[in-house]
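Engineer: Got a structure for you, written out below as structure tokens; questions coming shortly.
The values are calculated or read from the model by the stated rules, or taken from the named source; none is laboratory data. Computed from a predicted structure; not experimentally measured. Virtual Cβ from ideal backbone geometry, glycine too; neighbours counted across all protein chains shown. Accessible surface areas use protein heavy atoms only, side chains included; no ligands, DNA or RNA. Shrake-Rupley method; radii C 1.70, N 1.55, O 1.52, S 1.80 Å.
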Amino acid sequence: MPPRKRATPGQGELLTMSTTKEIQDILWKAADKLRGSMDASQYKEFVLGLVFLKYVSDAFTERRTQLAADPELAELPEHRRVAFLEEKDEYTEANVFWVPPVARWDHISDNAQSTAAGVGKLLDDAMHAIMKENPTLTGVLPTIFNRDNVDKKRLKELVDLISDARFTGHGDRPAQDVLGETYEYFLERFARAEGKRAGEFYTPASVVRLLVEILEPYEGRVYDPCCGSGGMFVQSGKFVTERRGRDHSHDIAVYGQEANERTWRLAKMNLAIHGMDPRGVGDRWADTFVEDKHPDRKADFIMANPPFNLSAWARNSKDPRWRFGVPPQSNANYAWLQHIVSKLGERGNAGVVLSNGSMSSKQSGEGEIRAALVEADLIACMVALPANLFRTTAIPACLWFLTKDKTSQGAKALTERRGEVLFIDARSLGTMIDRTERILTDEDLAKIADTYHAWRGTESAKAKGVKYEDEAGFCYSATLEKIREHDFALTPGRYVGATEVKEGPEAEPVEERVARLTKELFEQFEESARLEKVVHEQLRRIR
């Protein structure tokens, strides 16, 4: 083993850090130096790929340590002990990825400086080796570390930092949790950095938490037809673990798909790093409207944040999913809703993020589809969200909660709600954390979720002793007849009464928000054009 190299700037600082947040901040600053001429989406894969490699290696080492501690192993001859510790089945049967010697982090760290081919080649070889030995990761991991546009010196510094980061030693929290949080932290930072384009892979954490808190996915099948980087699945897993303990973490099975190749890869890594089965998001990326990867599967819980008001979608007017009417080519909102309804199990529930326009639009037959969904008694609850929750769009958003069964459901003893819809106007909630972004606090999340649970009479509401009552300006339980009187418009404000929507004094005005997002979009086009010119110039020189 070569002598340990002197710590790079910032590395000694990292060694003194004890909190996950401090580690994350320093790793981000170091990683940000690598950006250079790298495309933003490539850079995202680059950094998250490194975090994932560190995770699988740490998990492998942890399992190896457990095996080595077996007293019976000590009685074996040395050569048999070594051979046993290299038995692949001893790892895969414990749901641990098999990591070949060339991909183990200590090998990479120890040889990053001395190997003639360089650290980039080491990392690419490691990624290839892991994918070869673990079929569920085939085609998932990035092999872009040895490219000419990667600053190898800074890459080596980042490898050193990750090597020394204390992903263990955080109380009783396993390394998997700390690394998982680091992965989520980077996803959020990339979302902030990429602006408008981030909407395809990231949903704000407080919105995801709200969906999960309301639906309470304790057990069963969880599905997301446009899963992005897998945030809905990860939060569902956390919910089960926090409420029922780590022993119940496998009480849910996750399934979904993603149309964007790079985002699909992020989802596979995100699930794996959180101890969830990456096979759930399919063996390949695919458009849900073109190729349903789970055609015969019904779900107990569905959570989704589809692209708002998508016009460029693969519309087939004869698709059997359009039971309530053919969605218009100009807007896929009601295509998503009907696809999700088609996936609900016998007593399934769903939560969907859509633009506010979906609640009242009458264009191109959308009003008739919405009326049909109401008359079928599939809508349980509508929630109007506050502004500025999404940094990536100025379009106001809402939540649709769908259900296949509003009865008391026998032993569950829920409150009978057939023929009723709960409306919640949450526009006055939330806290601005800067001029452009609002979050829902724990108190806000509890207020909304408790209201729904009390209305439905869930076990959690009974445990808290909360009972439902209409609250002027906030919530109202409307009959289908009342909704018919409003011509099937589902905007909560029509039912709950007037509410005061407060804007923080430092909040970014809507006009400025639209202008900022437009400017970001043009800058992204310009950056894409610049990189295209660079590629063409390099090709011209090669020729």
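Engineer: Being among the hydroxyl-bearing types (Ser, Thr, Tyr) and surrounded by 18 or more Cβ atoms within 10 Å (Cβ to Cβ) is the filter; apply it to the stretch 330-368 and report the residue that is nearest to THR393 (Cα to Cα).
Structural biologist: SER355
Engineer: Here's another thing I want to ask about it. Among (1) open to solvent by less than 10 Å² (accessible area, probe 1.4 Å); (2) over 25 Å from the mean Cα position of the chain (by Cα); (3) modelled with pLDDT under 95, which single condition is PRO327 missing?
Structural biologist: Failing condition for PRO327: (3).
Engineer: Might you check whether a residue that is modelled with pLDDT under 95 and of a type in the set (A, V, I, L, M) occurs anywhere in the stretch 521-528? Before you say what the answer is, go through the steps one by one.
Structural biologist: Just the residues of the stretch 521-528 that are modelled with pLDDT under 95, to begin with: 521-528.
Okay, now just the ones that are also of a type in the set (A, V, I, L, M), so 521.
Yes, the stretch 521-528 contains at least one residue that is modelled with pLDDT under 95 and of a type in the set (A, V, I, L, M).
Engineer: Among the residues of the stretch 235-242, are any open to solvent by less than 10 Å² (accessible area, probe 1.4 Å), touching a helix residue (DSSP H, G or I) at 6+ places or on another chain (Cβ under 9 Å) and under 21 Å from PRO307 (Cβ atoms)?
Structural biologist: Checking the stretch 235-242: not a single residue is open to solvent by less than 10 Å² (accessible area, probe 1.4 Å), touching a helix residue (DSSP H, G or I) at 6+ places or on another chain (Cβ under 9 Å) and under 21 Å from PRO307 (Cβ atoms).
Engineer: Scan the stretch 252-271 and give yes if some residue there is farther than 19 Å from LEU187 by Cα, open to solvent by 30 Å² or more (accessible area, probe 1.4 Å) and at pLDDT below 95, otherwise no.
Structural biologist: No, there is no match, as no residue in the stretch 252-271 is farther than 19 Å from LEU187 by Cα, open to solvent by 30 Å² or more (accessible area, probe 1.4 Å) and at pLDDT below 95.
Engineer: Go through the stretch 461-477 and count every residue that is under 20 Å from MET359 (Cβ atoms), open to solvent by less than 70 Å² (accessible area, probe 1.4 Å) and either among the β-branched types (Val, Ile, Thr) or part of a loop (DSSP other than H, G, I, E, B) (or both).
Structural biologist: 2
Engineer: So, in the stretch 278-318, how many residues would count as being touching a Ser or Thr at 6+ places or on another chain (Cβ under 6 Å) and among the hydrophobic types (A, V, I, L, M, F, W, C)? Step through it out loud before you land on a result.
Structural biologist: Keep residues of the stretch 278-318 that are touching a Ser or Thr at 6+ places or on another chain (Cβ under 6 Å), which gives 278-279, 305, 308-309, 311.
Remaining after also requiring among the hydrophobic types (A, V, I, L, M, F, W, C): 308.
The number of residues fulfilling the criteria is 1.
Engineer: Next question, about the same structure. Which condition number does TYR218 fail, the rest of (1) touching a strand residue (DSSP E or B) at 6+ places or on another chain (Cβ under 7 Å); (2) surrounded by fewer than 24 Cβ atoms within 10 Å (Cβ to Cβ); (3) under 20 Å from SER460 (Cβ atoms); (4) not small (Gly, Ala, Ser) being met?
Structural biologist: (1)
Engineer: May I pose another question? For the stretch 301-321: of the residues being part of a loop (DSSP other than H, G, I, E, B) and touching a helix residue (DSSP H, G or I) at 6+ places or on another chain (Cβ under 6 Å), which is least open to solvent (accessible area, probe 1.4 Å)? Working first, answer last.
Structural biologist: Filtering the stretch 301-321 down to residues part of a loop (DSSP other than H, G, I, E, B) leaves 305-321.
After this cut, where a residue has to be touching a helix residue (DSSP H, G or I) at 6+ places or on another chain (Cβ under 6 Å) as well, the list is 306, 321.
Values: PRO306: 2, ARG321: 37 Å².
Looking at the filtered set, the residue picked out is PRO306.
Engineer: Let me confirm something: among ARG456, ARG435, ARG484, which residue is charged (D, E, K, R), modelled with pLDDT of 95 or more, open to solvent by 60 Å² or more (accessible area, probe 1.4 Å) and out of contact with any helix residue (DSSP H, G or I) (no Cβ under 7 Å at 6 or more places or on another chain)? Walk me through it before giving the result.
Structural biologist: Numbers: ARG456 fails: open to solvent by 60 Å² or more (accessible area, probe 1.4 Å); ARG435 fails: modelled with pLDDT of 95 or more.
Sole residue among the options that is charged (D, E, K, R), modelled with pLDDT of 95 or more, open to solvent by 60 Å² or more (accessible area, probe 1.4 Å) and out of contact with any helix residue (DSSP H, G or I) (no Cβ under 7 Å at 6 or more places or on another chain): ARG484.
Engineer: If LEU399 meets every condition in (1) within 25 Å of the chain's Cα centre (by Cα); (2) of a type outside the set (Asp, Glu); (3) more than 22 Å from PRO217 (Cβ to Cβ) apart from one, which number is that one?
Structural biologist: (3)
Engineer: If you don't mind, another one. If a residue must be free of Cβ contacts under 8 Å to residues at least 60 places away in the same chain and either farther than 30 Å from ALA376 by Cα or open to solvent by less than 40 Å² (accessible area, probe 1.4 Å) (or both), how many such residues does the stretch 406-416 contain?
Structural biologist: 3
Engineer: Tell me whether the stretch 282-300 contains one or more residues that are over 27 Å from ASP251 (Cβ atoms), in contact with a strand residue (DSSP E or B) (Cβ under 7 Å, 6 or more places away or on another chain), open to solvent by 40 Å² or more (accessible area, probe 1.4 Å) and assigned to a loop (DSSP other than H, G, I, E, B).
Structural biologist: No, the stretch 282-300 contains no residue that is over 27 Å from ASP251 (Cβ atoms), in contact with a strand residue (DSSP E or B) (Cβ under 7 Å, 6 or more places away or on another chain), open to solvent by 40 Å² or more (accessible area, probe 1.4 Å) and assigned to a loop (DSSP other than H, G, I, E, B).
Engineer: Moving on. Out of (1) among the charged types (D, E, K, R); (2) within 29 Å of the chain's Cα centre (by Cα); (3) under 26 Å from ILE144 (Cβ atoms), what's the single condition that is false for ASP106?
Structural biologist: Condition (2) is where ASP106 drops out.
Engineer: Which is surrounded by fewer than 20 Cβ atoms within 10 Å (Cβ to Cβ) and without any contact (Cβ under 8 Å) to a residue 40 or more places away in the chain, of ASP164, ASP151, ASP110, ASP124? Walk me through how you get there before you give the answer.
Structural biologist: Values: ASP164 fails: without any contact (Cβ under 8 Å) to a residue 40 or more places away in the chain; ASP151 fails: without any contact (Cβ under 8 Å) to a residue 40 or more places away in the chain; ASP110 fails: without any contact (Cβ under 8 Å) to a residue 40 or more places away in the chain.
Checking each option against the conditions leaves just ASP124.
Engineer: Please find, within the stretch 293-324, the residue that is nearest to the chain's Cα centre (by Cα) out of those that are under 26 Å from GLY237 (Cβ atoms) and free of Cβ contacts under 8 Å to residues at least 40 places away in the same chain.
Structural biologist: Here the answer is LYS293.
Engineer: Condition test on LEU53, is it open to solvent by less than 20 Å² (accessible area, probe 1.4 Å), at pLDDT 90 or above and either touching a strand residue (DSSP E or B) at 6+ places or on another chain (Cβ under 9 Å) or under 21 Å from GLU188 (Cα atoms) (or both)?
Structural biologist: Values: open to solvent by less than 20 Å² (accessible area, probe 1.4 Å): yes; at pLDDT 90 or above: yes; either touching a strand residue (DSSP E or B) at 6+ places or on another chain (Cβ under 9 Å) or under 21 Å from GLU188 (Cα atoms) (or both): yes.
Answer is yes for this residue.
Engineer: Separate question: Among the numbered criteria (1) within 22 Å of the chain's Cα centre (by Cα); (2) within 30 Å of THR441 (Cα to Cα); (3) touching a residue at least 40 places away in the same chain (Cβ under 8 Å), which single criterion is violated by ASN333?
Structural biologist: Answer for ASN333: the failing condition is (3).
Engineer: Does any residue in the stretch 478-494 that is part of a strand (DSSP E or B) come within less than 7 Å, Cβ to Cβ, of a residue that is among the hydrophobic types (A, V, I, L, M, F, W, C) six or more places away or on a different chain, and which pairs are these?
Structural biologist: Final answer for the pair search is ALA478/VAL421; ALA478/PHE423.
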